[in-house]
Amino acid sequence: MNISEFAKEAGVSVSAVSRYFNDGYLSDDKRALIEEALQRTGYVPSYSARTVRTKVTKLVGVILPKLSSESISRVTEGISEVLGREGFELLLVNTANDYSREISSLELFRQNRVDGVILLASVFTDLHRSVLAKMRVPVVIVGQQLKGYNCVCHNDMGAAYAMTSLMIEKGGKLPAFIGANPDDNAAGRDRRIGYEKALADHGITPDPKLMEIAKFNMDSGYEKAKRILSGRKRPDCIFCATDNIAAGAMLYCREQGIKIPDEVMIGGVGDSRMGKVLYSPLSSVHLHYKTAGTEGAKMLLAEMRDSSDVRRILQLEFDVVERDSTARKYETV
């Protein structure tokens, strides 16, 4: 049954049916006739036809770097809760940390109508910027900052500074660093800057031999910890850019009989559930990932309703959560 046939069945005009389904003004008697006909026929309007008329799809594209990440799932949960209350459905694309798939996903959403896009990217290339500049719908970036776009991000530099400082103030004199991809401005670059600033403020010179770059997983954290802890100079604390990296480092320590925190303290970023149940619960920095998703969705809704040339960057703060992995019995001032 098409809309014309339904209108005839209800005894009203096609325009009256259209106004009913698009929340337009309609007299009480016509509304009653339409609702009675809906009960009789079970009619549902064509989604594609409604989209053409209203130019609103009630679809939002969300581009994710991976599905297995706890932090990403928390961001997605926040996005879903806000947009779901407004009647939007999410089209999720998993790029598996493949930057070329981020580009193709942006192109997909640019060419196929959605009402907006939320992008969780780790790096921004010239090609990213080129495609973003051509987008016909509002875009919000979550987890990173990019000039000229609405963004929700974290204080990654402050988070790394706080965790590193905690370990130094607990007695750490020879810190080590296991970081992430430096092309990732948030987890890679900013967390390294925070680490190095903490050392500088405490009068410690970074040792390049105690600095490694890992992938975003436990296996890589394990291998990088092995390299650092097998050298001539053994650090007494290790800052890890993510909890997964930290978990790998802790596994290596356990296998080698290196006592945590007495011989080496380890701290991460992310405050993951996994970190809480490790044999030595992990001290970490809690980043408000779900809030990032919530605020990113609100920002997108505001932009869809009333587009503005003014771009906002919202930086969320953090909480340091100390657990056994840094709980030394003595402190230095």
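The values are calculated or read from the model by the stated rules, or taken from the named source; none is laboratory data. Being a predicted model, the structure only gives us computed values, none of them experimental. Note that we place each Cβ from the backbone using ideal geometry, even for glycine, and neighbour counts take in every protein chain shown. Note: areas computed on protein heavy atoms with side chains; ligands, DNA, RNA excluded. Shrake-Rupley method; radii C 1.70, N 1.55, O 1.52, S 1.80 Å.
Counting protein heavy atoms only, the stretch 171-240 has 49 percent of its accessible area on carbon and sulfur, 1.4 angstrom probe. Would you mind pulling out the separation of the Cα centroids of the stretch 1-16 and the stretch 159-210, in Å? That distance is 68 Å.
Per-residue packing, averaged as other Cβ atoms within 10 Å, sorts the ranges 247-255, 35-43 into the order 247-255, 35-43, beginning with the highest.
Surface analysis of the chain yields an accessible area of 49 Å² per residue, using protein heavy atoms and a 1.4 Å probe. Once the Cα atoms are used to define both axes, helix 243-256 deviates from the longest principal axis of the chain by about 30 degrees. Taking only the C-alpha atoms of the stretch 233-333, the Rg (one decimal) and the largest Cα-Cα distance, Dmax (whole number), read 18.5, 59 Å. Beyond 25 Å in Cα-Cα separation lie the following of the pairs Lys173/Lys197; Lys197/Lys290; Lys66/Lys209; Lys197/Lys298; Lys66/Lys215; Lys209/Lys290: Lys197/Lys290; Lys66/Lys209; Lys197/Lys298; Lys209/Lys290.
A full extension of the chain between Val14 and Asp319 corresponds to an added length of 104.1 nm, given 0.36 nm per residue minus the alpha carbon distance. When the stretch 237-298 is described by a simple charge dipole with +1 on each Lys and Arg Cβ and -1 on each Asp and Glu Cβ, the residue from Thr294, Ile260, Ile238 located farthest towards its positive end is Thr294. With a Förster radius of 35 Å applied to the beta-carbon distance between Ala302 and Gln111, the computed FRET efficiency rounds to 0.90.
Taking label positions 7 Å along the Cα-Cβ direction at both Asp207 and Met274, the computed distance is 2.8 nm, reported to one decimal. Modelled spin-label separation between Glu70 and Arg136, with each label point placed 7 Å from Cα along the Cα-to-Cβ direction: 4.2 nm. Once C-alpha pairs closer than 8 Å and six or more residues apart are averaged by separation and normalised to the residue number of the chain, the relative contact order reads 18 percent. Taking a ≥ b ≥ c as the square roots of the eigenvalues of the Cα gyration tensor of the stretch 176-220, is the shape rounded (a/c under 1.5), prolate (a/b larger than b/c) or oblate? Taking the square roots of the gyration eigenvalues as a ≥ b ≥ c, the stretch 176-220 is oblate. Applying 1/(1 + (r/R0)^6) with r as the Cβ-Cβ distance of Lys173 and Ser230 and R0 = 22 angstrom yields a FRET efficiency of 0.65.
Computed from the C-beta positions of Asn217 and Phe21 and an R0 of 51 Å, the FRET efficiency is 0.60 to the nearest 0.05.
Taking each residue as 0.36 nm, the span from Val310 to Glu255 lengthens on full extension beyond its C-alpha to C-alpha distance by 14.5 nm.
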